[in-house]
1. Out of the residues in the stretch 41-57 meeting the condition of being at pLDDT below 95 and assigned to a helix (DSSP H, G or I), tell me which one is farthest from the chain's Cα centre (by Cα).
2. I'm told G68 meets every condition in (1) part of a strand (DSSP E or B); (2) over 29 Å from the mean Cα position of the chain (by Cα); (3) over 20 Å from D125 (Cβ atoms) except one. Can you identify the failing condition by its number?
Amino acid sequence: MAKPEKAAAVAEIADHFRSSNAAVLTEYRGLTVAELTRLRRSLGEQTSYAVVKNTLTKIAAREAGIEGLDDLLSGPTAVAFVSGDPVEAAKGLRAFSRENPLLVIKGGVLDGRPLDAAGIGKLADLESREVLLAKLAGAMSGSLAKAVSLFAAPLSQLARTVDALRVKAEADPSVLAGGAGTPAPAADAAPAAPAAEETPAEAPAEA
């Protein structure tokens, strides 16, 4: 491979490392082209599976700031670059390797941290993002149901109060004007005493 081609290949692999959430290194010795095609399809659109050259991948990993992969880069190597859910990808690779033992999971990297084969296995044991979201949605639904039950009693009391006010307003429209209703007629009051007549002052006597 000419130097420009090598440089382009290194740059492409380094870009894959940078843009991926995870990468899983595998050995595919003995797998047929049809089996590799089936593996690629099973991993979905968010995971690309590419056969790589070990020496170029070592350089690319260093350029991407990833360490700890050199020991894994031996023998025929293909890398699953994961841009989606790493758990789903790990599950898919493990399931395929159980059906096709010629696929050997060697290790990988998750969020820039190297993982050995056992680490990839633990990743595959985790619950997927979809399952966790479903559980979160269920928990939120339960919490909302509890909240509704807590608010149900005060709301029913408010509804009864509003209904009582409506009935009162129908009987006495002045309630809607902000008053307390038409006042009841006052009891008959005793007639007021007539005002006393003024007694005219006596005229002064003539001298």
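The values are calculated or read from the model by the stated rules, or taken from the named source; none is laboratory data. The model shown is predicted, which means the values in this text are computed figures rather than measured ones. Note that we place each Cβ from the backbone using ideal geometry, even for glycine, and neighbour counts take in every protein chain shown.
1. The residue in question is R41.
2. Here G68 meets the rest and fails (1).
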